[in-house]
Amino acid sequence: MPKHSSLSQRGQTAQNTVLRIDFEVFFEAMHNWYHPEDNPGGAITLNIAENRLSWHLLRDKMQQISREHDIPDWVASYTSAMGAPEFREALAGFMGRFLTGCPIDPEQLGLSAGATATIEVSSWILGDPGDVAVFPAPCYPVYKQDIGNKGGLERYDLVTHHELSDIQNGPVLDIPHLEEALRDIQAQGKRFRMLVLTSPDNPTGGVYSKDKLEAIADWCIEGEIHLVVNEIYGLSLINTEHPELVADYSKNTPYTSFAQLMQEKESEYLHLWYAMSKDMGASGFRVGVVYSFNYPFLEAFNNLNAPHMVSNHTQWLFQQVLGDHDFMEKYIQHNQAALTESYLVVIRSLRKLQIPYAPARGSLFVWLDLSEYLSEQSQEAENKFWMDVYKKTGILLTPGEGFGHSKRGQFRLVYSCVTKEELEVAMERLEEYLL
Ligand SMILES: Cc1ncc(COP(=O)(O)O)c(C=O)c1O
């Protein structure tokens, strides 16, 4: 750090803390992108959680809306910091019909610019600096910054298993794990303030059953701990009955939205996050949502959210898209079929190579165990292997570092951020490298 800085202490910390360790390589790879004729040896990045498989449908729909509708006057003006009432109404209708399976009151929704902003504002309101938010490991690495950068909450990685074989049927988080984390956090003189679950999960693709969610929710309510379930991948579901996949799922754990339990409990300690980024493949539009029965929380959100509001034009556009339920039905069907097809491309290769993976029920990922290829069980060996894969194959996986798990050699592969054809090339190269 330089001796003199014109920045604040926190500004200097920000200056010296990278958002993601794989970003630099990612941008380098983007300049050398694969093309079957022009650049057949080019890079194929499988590290960013994006879904490009259905964008053509959404793009056509948005272009049609822009052609056929005048932009309403309210779009040019300020609107509620919770989100435009017109959009929240359409969003509530969409969520109730397609995501939650129970009616959603638009007054209980707050919108920010993407899930990132929603998580940041929510954490700021629910916790104080130094409070602890618990995440079952492995978890989405950027949660650390989302809860910490502004809100000052600390991330606690709760390791519930070491081997991938333990999570073949989904997450194994249970009350004894939470009790132990609570004791540990209290012993450090800190407060266990928030538990965050991601369902379907990033990176494992597992989902929490309704019974499990209920037991955890009751434990949190009793202990006055906020429980937030992030359902950002709620409609990105794999067809677990596909003949080539069905054998991977011995236990039937259908995805159930947490909203149903929230409505049964009506507790101020239960909340849900959602966004347009993954299920709609629209991360660039920046639309995130929080749903809560905590009315003081919603008031605070309204008072704090002005810097994070979603553009009215985006709200208007999505109001039209989500309000067309026939379109949404077709979109979701197409998207889930495309996700399943691409997921299969990866699974076929992994089976051939006998590489352990966590069978996913949803999300855009395969969480795989390449530990047997490491020279030793260390972070250094893991990073070295990750870079070697990239250098020799052009394939960029998400490095395991940052997911907070105990076992080295596990990586996340995103199968939806490239076309199926590009993914096939990537898996062929990976097979060649690993064989
Ligand atoms: C679990 C989870 N939450 C939040 C985000 C951030 O989403 P957004 O682009 O809407 O900010 C991601 C993106 O990868 C994610 O996987």
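Determine by what factor the alpha-carbon radius of gyration of the range 72-324 differs from 2.2 N^0.38 Å, reporting the quotient.
Relative to the 2.2 N^0.38 Å estimate, the range 72-324 comes out at 1.00.
Using the Cα gyration tensor of the range 361-435, with a ≥ b ≥ c the square roots of its eigenvalues, what is the shape: rounded (a/c below 1.5), prolate (a/b larger than b/c) or oblate (neither)? Provide the component values of the computation, followed by the final result.
Working: a/c = 2.15, a/b = 1.31, b/c = 1.64.
In terms of gyration-tensor shape, oblate.
If you average over every viewing direction, what projected area does the convex hull of the Cα atoms of the chain give, in nm²?
Mean projected area for the chain: 22.7 nm², to one decimal.
What is the packing order of peptides 209-218, 408-417, taking the mean over residues of other C-beta atoms within 10 Å and listing the highest first?
Answer by packing, highest mean first, reads 408-417, 209-218.
Please quote Rg/Rh for the range 215-365 to two decimal places, taking the Kirkwood radius as Rh and restricting both calculations to Cα atoms.
Checking Rg against Rh, the ratio lands at 1.02.
Taking the convex hull of the alpha carbon atoms in the range 258-335, what volume per residue do you get, in Å³?
Values: hull volume 8.8 nm³, N = 78.
Hull volume over Cα atoms, normalised by residue count, gives 113 Å³.
How do 363, 199, 277, 250 rank when sorted from fewest to most other Cβ atoms within 10 Å of their own Cβ?
With the fewest neighbours first, 363, 199, 277, 250 line up as 250, 277, 199, 363.
Find, to one decimal place in angstroms, the Kirkwood hydrodynamic radius of the range 278-402, where the mean of 1/r is taken over every pair of different Cα atoms and then inverted. Could the numbers behind the result be given before it?
Values: mean 1/r = 0.0531 Å⁻¹.
For the range 278-402, the Kirkwood estimate is 18.8 Å.
Can you sort 35, 4, 161 by how many other beta carbons sit within 10 Å, fewest first?
With the fewest neighbours first, 35, 4, 161 line up as 4, 35, 161.
Could you sort out which of 212/407; 150/391; 251/407 sit more than 27 Å apart by Cα distance in this structure?
Working: 212/407 25 Å; 150/391 36 Å; 251/407 25 Å.
From 212/407; 150/391; 251/407, over 27 Å: 150/391.
Between the range 75-97 and the range 362-435, what's the alpha-carbon centroid distance in Å?
Rounded to whole Å, the Cα centres lie 39 Å apart.
Apply the Debye scattering formula to the range 32-84, with a single equal point scatterer on each alpha-carbon and no solvent, then give log10 I(q)/I(0) at q = 0.15, 0.18 Å⁻¹.
Here the Debye-derived log intensity ratios amount to -0.76, -0.85.
Would you calculate the volume per residue, in Å³, of the smallest convex hull containing every Cα atom of the range 29-145?
224 Å³
Expressed in whole Å with the largest first, what are the equivalent ellipsoid semi-axes of the range 211-285 derived from the C-alpha gyration tensor as the square root of 5 times each eigenvalue? Before the final figure, lay out the partial values.
Details: eigenvalues 142, 76, 14 Å².
So the three semi-axes of the range 211-285 are 27, 19, 8 Å.
When the dipole is taken about the Cα centre of the chain, and only Lys, Arg (+1) and Asp, Glu (-1) are charged at their Cβ, what size is it in debye, to the nearest 20?
That gives a dipole near 700 debye.
Which of the listed residues, 321, 75, 133, is farthest toward the dipole's positive end in the range 72-324, when Lys, Arg count +1 and Asp, Glu count -1 at the beta-carbon?
75
Readers should treat all values here as calculations from the given coordinates under stated rules, not as data from a laboratory. On a predicted model such as this, the values are computed, not experimentally measured, just so you know. Cβ atoms come from the backbone with ideal geometry, glycine included; neighbour counts cover every protein chain shown.
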